[in-house]
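Engineer: Submitted below is the structure of interest, expressed as structure tokens.
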Amino acid sequence: DRQTLVAVLQFLRRSNLRESEEILRREARLLGDDLGNVATVATSSPGVAAVAAVPPGKGETRGDCGVGPSSRREPVLCAARSLGGSPVSGPSSKITHSGDVMGGAVVVEDQPDVSAVLSAYNQQGDPTLYEEYYSGLKHFIECSLDCHRAELSQLFYPLFVHMYLELVYNQHESEAKSFFERFHGDQECYYQDDLRVLSSLTKKEHMKGNETMLDFRTSKFVLRISRDSYQLLKRHLQEKQNNQIWNIVQEHLYIDIFDGMPRSKQQIDAMVGSLAGEAKREANKAKVFFGLLKEPEFDVPLDDEDEEGENEEGKPKKKKPKKDNVGSKSKKQDPNAPPQNRIPLPELKDSDKLDKVMNMKEAARRVRLGPECLPSICFYTFLNAYQGLTAVDITDDSSMIVGGFADSTVRVWSVTPKKLRSVKTAADLSLIDKESDDVLERIMDEKTASELKILYGHSGPVYGTSFSPDRNYLLSCSEDGTVRLWSLQTFTCLVGYKGHNYPVWDTQFSPYGYYFVSGGHDRVARLWATDHYQPLRIFAGHLADVTCTRFHPNSNYIATGSADRTIRLWDVLNGNCVRIFTGHKGPIHSLAFSPNGRFLATGATDGRVLLWDIGHGLMVGELKGHTDTIYALRFSRDGEILASGSMDNTVRLWDAVKAFEDLETDDFTTATGHINLPENSQDLLLGTYMTKSTPVIHLHFTRRNLLLAAGAYSSQ
């Protein structure tokens, strides 16, 4: 979109970011004089650039809203935001990764030009008539036909907020107060937290530093409405000459119009509730390679029962290799998989191959789960955890468990009879015969053997922990703004990664090791590699804290959950946001991909588990039952069962096969978002297991499908 581009270039020039300006100009092939020609358009109003912040998807939608590029005035800030990595079509999205542009954009996002953002509230009607305007619209919507009423009711909340803020900004404090008191009770219950923040903004000065407010101002609130309902609204507002409301609709809302039947109240309720309304349909159109990568091929020796003792050590006897059926299962390339070399993945070491062999043997003895055969659950309770347990992780082979604590320590336990040992000192290592077969045993110092190791280094509560797939490393992230990498050979800290300036809420290793992701209070997620001290990618776009992060099983995508009540899926290759999922009514705290990579399960403070089809970008299920925040979600190894753990002290098991079978994902549903969720999720609930008084904060299926759960006993 040319005008957006020009506005961004001018903004960069004004901010003396010459280098970024050059790069952008080269990318967009705009010459200096081009900029001059369009400059007149772009500064047609003081402090505000005429920028169409919404890239035109289908021309008709743009025309229908009656908003051409010139009539949409959007503050300069929005243009700058588009560099941060939010999905923006047009040339600007190509430059997400030239370091300094990105840096520049993120800085801009942190300190928006508040006066520019707020100045859009200058245009004002008669303050005494605001209540009349709003109640008139309310009356009109409540008296309209049932089929339109549900859709048009979505307007209540964003209009209420903007009208209130407009009154406050123009210093009509008593009118604002009476407006708030009269109408705040009509808003949906899931906006209560936002309204609480809003009620504290009673003076123009309060608006300056308030982030929630600025988000609401700068990101257009998205409503998805059928063409019929939209025409009805437009006619009503134009007949009534109700310009105040019509201005807000054009200025601050993005109406995503679709052809077809209006949606029912249930369908709308399932999808709304996030900080910026629903996701635009365009946001979920990009192709996603959700298939799995092909496993490397190697022979798996079949072992007899009597070799058990030998295999404990992880060194299978040399036998004539016979192909095990498990080894030869995944020879065919998944048609939905990304190209094998789409992102560079680390080479397999010999020890990794050995581990894969062990894994396949375990898999051969795996229990097939289902409604008739539920897993046993083994619960690890942290007793006397008065330091405050804030994070847990378990290694893939279930041999170690780590706890992150509020006293800034990280504690690692061995859960097998094998104790944790450190490597010997350098002087002792020099005496070892490096050619001997058991050199890996000899380098370990028996004197250091213990069941528990405590790692000191953070200077604030530890909110996230993650073991590397090869069990050599451990990540921890903390309120102190750092992510630390620890060696599990020496139990010392190897690196402190500094990129976040605020608390880091979560971190996770890629399923292939080497890469990891972190997300925090600064609203961005960062992708790192263990051998780089700066992030490789910055994923910017969420409107509030990034509370949880997860790698897709093929490592090409990362899911992030946020306090803005949305889940985003990011492409690791280019940093683009390829999916935005809305529907939760509270901050997201847990994410889990199904083992086949096709589905995502998410849990939040609203006590609901939502299921998403990644390929189609649709919600396909809702599991109700928990009564408190869901902090843990995990699919069984073959994906038949989904386990969820919550602060309500229960673990629940759900039938994942049934939840995902015969989904209606026809083109119409995909195009309009008319989702039809099964009425009763109780049919999918296979079991509920109570703890005495222990909130569940982590779940893990062992390689043989035993379910491990963990949490700290709370005496309340």
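The values are calculated or read from the model by the stated rules, or taken from the named source; none is laboratory data. If you're wondering where the values come from, they're calculated on a predicted model, not measured in any experiment. Neighbour counts run over all protein chains shown; Cβ positions are idealised from the backbone, glycine included. In case anyone asks, the SASA skips ligands and DNA or RNA and just uses the protein heavy atoms, side chains included. Shrake-Rupley method; radii C 1.70, N 1.55, O 1.52, S 1.80 Å.
Engineer: Above 12 Å lies some portion of the pair distances; for the stretch 399-439, what is it as a whole percent of all C-alpha pairs?
Structural biologist: The calculated P(r) of the stretch 399-439 puts 73 percent of pairs beyond 12 Å.
Engineer: Still on this structure: So for each of 704-710, 348-354, 575-581 I average, over its residues, the number of other beta carbons within 10 Å; can you give me the resulting order with the highest mean first?
Structural biologist: Highest to lowest by the protection proxy: 575-581, 704-710, 348-354.
Engineer: Residue-wise, which Karplus ³J(HN,Hα) couplings in Hz belong to the stretch 514-527, taking 6.51 cos²θ - 1.76 cosθ + 1.60, θ = phi - 60°, and x for glycine or proline?
Structural biologist: After applying 6.51 cos²θ - 1.76 cosθ + 1.60, I find 6, 8, 8, 10, 9, x, x, 5, 7, 6, 10, 9, 10, 9 Hz.
Engineer: Given the options Thr416, Val462, His532, identify the residue whose Cα lies farthest towards the positive end of the charge dipole of the stretch 413-546 (+1 on Cβ of Lys, Arg; -1 on Cβ of Asp, Glu).
Structural biologist: Among Thr416, Val462, His532, the one farthest towards the positive end of the dipole of the stretch 413-546 is Val462.
Engineer: Go through the stretch 169-175 residue by residue and turn each phi into a ³J(HN,Hα) via Karplus (6.51, -1.76, 1.60, θ = phi - 60°); whole Hz please, and just put x for glycine and proline.
Structural biologist: So the J values, rounded to whole Hz, are 4, 8, 6, 9, 5, 5, 4.
Engineer: Take the Cα atoms of the stretch 126-278, find their three principal axes, and give me the spread along each one in whole Å, biggest first.
Structural biologist: Principal extents (Cα only, largest first): 45, 31, 25 Å.
Engineer: May I ask you to order 369-380, 421-432 by the average number of other C-beta atoms within 10 Å around their residues, highest value first?
Structural biologist: 369-380, 421-432
Engineer: Could you tell me, in Å, what Rg and Dmax come out for the Cα atoms of the stretch 542-701?
Structural biologist: Using the Cα atoms of the stretch 542-701, the pair Rg, Dmax is 14.8, 47 Å.
Engineer: Taking the highest mean first, how do the peptides 184-193, 496-505, 215-224 order by number of other beta carbon atoms within 10 angstrom per residue?
Structural biologist: My ranking of the peptides, most packed first, is 215-224, 496-505, 184-193.
Engineer: How much accessible area per residue does the stretch 550-618 have, counting only protein heavy atoms and a probe of 1.4 Å, in square angstrom?
Structural biologist: Here the residues of the stretch 550-618 average 16 Å² of exposed surface.
Engineer: Let me ask you something else. Can you work out ³J(HN,Hα) from phi for every residue in the stretch 604-613, in order, using Karplus 6.51 cos²θ - 1.76 cosθ + 1.60 and θ = phi - 60°, giving whole Hz and x for Gly and Pro?
Structural biologist: Result, ordered by residue: 9, 5, 7, x, 9, 9, 10, 10, 10, 8 Hz.
Engineer: For Val572, what accessible surface area do you get with a 1.4 Å probe? Give it in Å², rounded to 10.
Structural biologist: 10
Engineer: Beyond 19 Å between alpha-carbons counts as too far, so tell me which of Lys294/Lys356; Lys424/Lys447; Lys585/Lys624; Lys234/Lys265; Lys353/Lys434 fall in that bin.
Structural biologist: Lys234/Lys265; Lys353/Lys434
Engineer: Once the cut-off is 20 Å, how many percent of the Cα-Cα pairs in the stretch 542-637 end up in the long-distance tail?
Structural biologist: I get 27 percent for the Cα pairs in the stretch 542-637 exceeding 20 Å.
Engineer: Determine the share of the stretch 340-418's accessible area contributed by carbon and sulfur atoms, expressed in whole percent, with a 1.4 angstrom probe.
Structural biologist: With neighbouring chains kept in place, the figure for the stretch 340-418 is 52 percent.
Engineer: With a 1.4 Å probe and every protein chain kept in, tell me what percent of the accessible surface of the stretch 126-278 is carbon plus sulfur.
Structural biologist: 49
Engineer: Ignoring ligands, DNA and RNA, what percent of the accessible area of the stretch 576-664 is carbon or sulfur (1.4 Å)?
Structural biologist: Within the stretch 576-664, the accessible surface is 44 percent carbon and sulfur.
Engineer: Next question, about the same structure. Placing one identical point scatterer on every Cα of the stretch 502-552 and ignoring solvent, what is log10 I(q)/I(0) from the Debye formula at q = 0.19 Å⁻¹?
Structural biologist: Log10 of I(q)/I(0), two decimals: -0.56.
Engineer: Any idea of Ile454's accessible area? Nearest 10 Å², probe 1.4 Å.
Structural biologist: Here the accessible area works out near 60 Å².
Engineer: Quick one: how many Å² of Glu173 are accessible to a 1.4 Å probe, rounded to 10?
Structural biologist: It works out to around 70 Å².
Engineer: At a 1.4 Å probe radius, which order do Thr602, Thr688, Thr547 fall into by accessible area, largest first?
Structural biologist: Highest to lowest solvent-accessible surface, that is Thr688, Thr547, Thr602.
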